[in-house]
Every structure is written in structure tokens, then in C-alpha cells.
1. When the stretch 6-32 is examined, which residues are found to be within 21 Å of ARG174 (Cβ to Cβ) and among the hydroxyl-bearing types (Ser, Thr, Tyr)?
2. Any chance you could count how many residues in the stretch 68-126 are outside any helix (DSSP H, G or I) and among the charged types (D, E, K, R)?
3. Show the residue pairs that are 6+ apart or on different chains and have beta-carbon atoms under 9 Å apart, the first residue being within the stretch 140-159 and within 30 Å of THR43 (Cβ to Cβ) and modelled with pLDDT of 95 or more, the second being polar (S, T, N, Q) and assigned to a strand (DSSP E or B).
4. Would you say LEU170 is in contact with a helix residue (DSSP H, G or I) (Cβ under 7 Å, 6 or more places away or on another chain) and assigned by TED's automatic domain parsing to the domain that holds ALA200?
5. Do we find a residue being part of a helix (DSSP H, G or I) and among the hydroxyl-bearing types (Ser, Thr, Tyr) anywhere in the stretch 58-67?
6. Of these, ALA220, ALA135, ALA205, ALA177, which one is part of a loop (DSSP other than H, G, I, E, B) and within 15 Å of the chain's Cα centre (by Cα)?
7. Looking only at residues that are surrounded by 13 or more Cβ atoms within 10 Å (Cβ to Cβ) and touching a Phe, Trp or Tyr at 6+ places or on another chain (Cβ under 7 Å) in the stretch 3-31, which one is nearest to TYR145 (Cα to Cα)?
8. Failed condition for ALA109, given (1) free of Cβ contacts under 8 Å to residues at least 12 places away in the same chain; (2) closer than 28 Å to LEU226 by Cα, with all others met?
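The values are calculated or read from the model by the stated rules, or taken from the named source; none is laboratory data. This is a predicted model, so every value here is computed, not measured. Every residue, glycine as well, gets a Cβ built from its backbone with ideal geometry; the counts of neighbours run over all protein chains shown.
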Amino acid sequence: MTRPQPDCRRTADKLRAAGHVADEAPLLEFRSCPPASFGLQATSALAVTSRRAVAVLARHTEIELLRKLPVFAVGEATAGACRSAGFEHVCTAGGNLKGLSQLICDHKAEISGGQLLYPAAADRSGDLVGLLAKADIQCRLSVVYSMEPAKNFPAEALSAVQQGITDRVLIFSRRTAEVLRDLIGSGELEHIFSSLPVYAISQQAAEPISRIMRVHVADAPNEKALLDLALAEC
């Protein structure tokens, strides 16, 4: 399990409850870095693409002002986090950036006269601002967190791979796949990892690691589809 905490433990516990053995090997670490003020005077709505961004907003001093804004969420998990944080007006896309862009375009009249605020990670896999600019919708990016790469593999997880105990690797993001690839290369661990099958949440997440490992891609970009695929042969 390579996703950052606390999601890593949550997914691992889900697998353990179903009778499987799951090692936690988070390869990215969360760092909160929001601005002191978002400058909300001209903001008509929010666009959110991760639960981590929502968690940062929920702890911000301007949360009461933020909650008054309609939210466009990339998928159900992010939308659920928004509602739990007290946002009442939440529209949900189908789980990817293209769908979110289309959803916002469909509601263009509702944000007319203002701009969209996009609180997001320092490293992002797509360009929501660019997609919306093509539809003449102003979207202002605000970096509120970063995910810092691990410098080494967690010792227990690496030991399990070396002993042949680990029989599959789960990848939930392109950034995680990049870190995994880099750690394998810098540690000269290709001979240990090359025979391990990898199960990735999307084709985009699979691409960085596909040259050195055997990658299977989930039918849909969500946790359930990934786990269904990874456990199908258990």
C-alpha cells in the first residue's frame, strides 16, 4: 500500500478486515501550506480535486466564508469530504478533471461575474485552470498543500518484498508511481521489484512505472475498482 497516510492505513485496514495481509508503505508525506488569506472578495465558487485540500480548508481561519460558496468536486469521495466539512452546496463530477471542467462549464451562469478558487496541491496531474480558460471561465489556483516524496522505502515493507512475502503493489496516483520508480532505481532494486505485479488506479498513474514493472489498470479511477481488480486473483 503506497498511498500517503492516513489513506494508506484506512485502505490497509479495509483489506485486513477482509482477511488479507497489507503492508503500509506511504511514499508521499503531506505538508499543509495555505495562504493566510484567500482574498475571497471576487470569488463565486470553489473547485476541489482532493480530500486533502478540503481538510486544509476546514482548518483555515476563513472557513466560515468558504462554506458559503458553492463547491464543484471532482468525485464522490471529495464531495463527501466537502459535506462533512460543512459545505452545503456541492456538485459532483464523475471522478476526473475533464468531467469536473465540463460540470463547471454546465454551471457557468452561476459563477458569472466572479472567479473560481481552486485550492490544490503544489504538484498536480492536470491543468484545470487551462481547461476552464478555454471556456472563458476565470479560475485562480491557490496552492494549499504539498506531497513530499519519501527518501527511502519503509523498512518493514521493503523487507517483505525482499523475502517474497509481498505479491502485489497498489498505486493510487501518478506522483506515487514516480516516487516508486525513482526509489527502485536509486536503490538498484529492479531485480526485487520487476516480477511484482502493480495495480494502478488509472492509466495516468500506471505510466511512470510501466517500463520496469507489470502494471494492471483499474476499470474506473476509484478505490473500489482498484481493489476489485487487485483482489480478483486472490
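1. Across the stretch 6-32, the qualifying residue is only THR11.
2. Taking the stretch 68-126 and keeping what is outside any helix (DSSP H, G or I), we get 68-75, 85-96, 107, 112-126.
Right, trim to among the charged types (D, E, K, R) and you get 68, 88, 123-124.
Adding up the residues that qualify gives 4.
3. Cβ pairs passing all conditions: ARG140/THR43; ARG140/GLN115; VAL144/SER32; TYR145/SER32; SER146/SER32.
4. Details: in contact with a helix residue (DSSP H, G or I) (Cβ under 7 Å, 6 or more places away or on another chain): yes; assigned by TED's automatic domain parsing to the domain that holds ALA200: yes.
Yes.
5. no
6. On the way: ALA135 fails: within 15 Å of the chain's Cα centre (by Cα); ALA205 fails: part of a loop (DSSP other than H, G, I, E, B); ALA177 fails: part of a loop (DSSP other than H, G, I, E, B).
Testing whether each residue is part of a loop (DSSP other than H, G, I, E, B) and within 15 Å of the chain's Cα centre (by Cα) leaves just ALA220.
7. Ranking the candidates gives PHE30 first.
8. Only one criterion in (1) free of Cβ contacts under 8 Å to residues at least 12 places away in the same chain; (2) closer than 28 Å to LEU226 by Cα is unmet by ALA109, namely (2).
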